[in-house]
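Have a look at the structure below, then the notes.
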Amino acid sequence: MAADAAGTAEMRGALARLRRTTGLPVAFGGLVEPGRRRMRISEFSGAATLALSGLAVTSGNGLGGKAVALARPCAVSDYSLSRRISHEYDAAVAEEGLRSVLAVPVVVRRRVRGVLYGALRTAQPLGDRTLDAAVDVAREVEQALVVGDEVRELLTAARPQPDRGAEWEQVREAHAALRALAPRITDPVLRADLLDVCGLLAPGREEGAAAGERPVVLAPRELDVLACVAAGATNAAAAERLGLRPETVKGYLRSAMRRLGAHTRGEAVVAARRAGLLP
């Protein structure tokens, strides 16, 4: 259910971008139902009626179903008269007053996860520039869904078990990967949930802070870099994982070491674990 909610939120934002970048007055779309070759239209931008709301589009049927079946963009210049598609949904399309329509599939790991539609209320060809802009928006949704999938896989795998060495190392790897993914997540709720889980994976502050020592506070990017280092990454590998330059990684690492009172990378990791900042 969480995956569906995140995907729906991405689709909703994509429709506004689709209208803005293409100039099309109407945009709508939805996600393919899990385990089925059917997509349900659930999100709208610029629609005048509810004619398409909740419409279940089966793979191969209509324009959207054709996009699902072929896993590629499709377009018609006059929906009701087109001989390139089947016409199971003509009544709903006509009620909304749509004529020229494009449908772009959202494909993640070779599986169609949803369809974005854009439409005009007049019959005229949709140019390559419009179609290319719609494809770009679909690619943005695809990337967001990929990141969301990776986050959920890591959250499922991350089960802290500090008394079991090998499995605890896997938790540390998961912690580093989650920290690296967080900045790429556009959904603020999912990003906040992910960072909350990162906090749960850290064991908590030990005797030093409890005895009155001033707790160590690291900036988010300093902690991201240190999490990568703790998982065994070099500066270059950490830079690639975090999307930063190696010089920037070095700067964050030096800053973290200074805050932790450490002179080496290893000392910094140990100090961060003692402070409860890393698992």
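The values are calculated or read from the model by the stated rules, or taken from the named source; none is laboratory data. Since we're looking at a predicted model, the values are computed, not measured. Neighbour counts are summed over all protein chains in view; Cβ atoms, including those assigned to glycine, are modelled from backbone coordinates with ideal geometry.
Inspect the stretch 24-43 for any residue being at pLDDT 95 or above, assigned to a loop (DSSP other than H, G, I, E, B), buried (at least 22 other Cβ atoms within 10 Å of the Cβ) and assigned by TED's automatic domain parsing to the domain that holds GLY118 and give the result as yes or no.
Checked against the condition, which is being at pLDDT 95 or above, assigned to a loop (DSSP other than H, G, I, E, B), buried (at least 22 other Cβ atoms within 10 Å of the Cβ) and assigned by TED's automatic domain parsing to the domain that holds GLY118, the stretch 24-43 yields at least one hit.
Return the pairs, sorted by first residue and then second, in which the second residue is in a helix (DSSP H, G or I) and among the aromatic types (Phe, Trp, Tyr), the first residue lies in the stretch 261-279 and is assigned by TED's automatic domain parsing to the domain that holds THR234, the beta carbons are less than 8 Å apart, and the residues are 6+ apart or on different chains.
Hits for this filter: zero, empty list.
For ASP132, indicate whether it is at pLDDT below 85 and not aromatic (Phe, Trp, Tyr).
Against the criterion (at pLDDT below 85 and not aromatic (Phe, Trp, Tyr)), ASP132 does not qualify.
Being in contact with a helix residue (DSSP H, G or I) (Cβ under 9 Å, 6 or more places away or on another chain) and either in a helix (DSSP H, G or I) or modelled with pLDDT under 70 (or both) is the requirement here; does VAL115 meet it? Walk me through it before giving the result.
Values: in contact with a helix residue (DSSP H, G or I) (Cβ under 9 Å, 6 or more places away or on another chain): yes; either in a helix (DSSP H, G or I) or modelled with pLDDT under 70 (or both): no.
Spelling it out, it is not the case that VAL115 is in contact with a helix residue (DSSP H, G or I) (Cβ under 9 Å, 6 or more places away or on another chain) and either in a helix (DSSP H, G or I) or modelled with pLDDT under 70 (or both).
Would you say ALA209 is at pLDDT 80 or above, in a helix (DSSP H, G or I) and not assigned by TED's automatic domain parsing to the domain that holds ALA9?
no
Is the stretch 66-80 home to any residue that is in the same structural domain as LEU126 (by TED's automatic domain parsing), within 16 Å of ARG40 (Cα to Cα), of a type in the set (A, V, I, L, M) and in contact with a Phe, Trp or Tyr (Cβ under 8 Å, 6 or more places away or on another chain)?
no
For the stretch 56-76, enumerate the residues that are buried (at least 17 other Cβ atoms within 10 Å of the Cβ) and either aliphatic (A, V, I, L, M) or in a loop (DSSP other than H, G, I, E, B) (or both).
Across the stretch 56-76, the qualifying residues are VAL57, SER59, ASN61, LEU63, ALA67, VAL68, PRO73, ALA75, VAL76.
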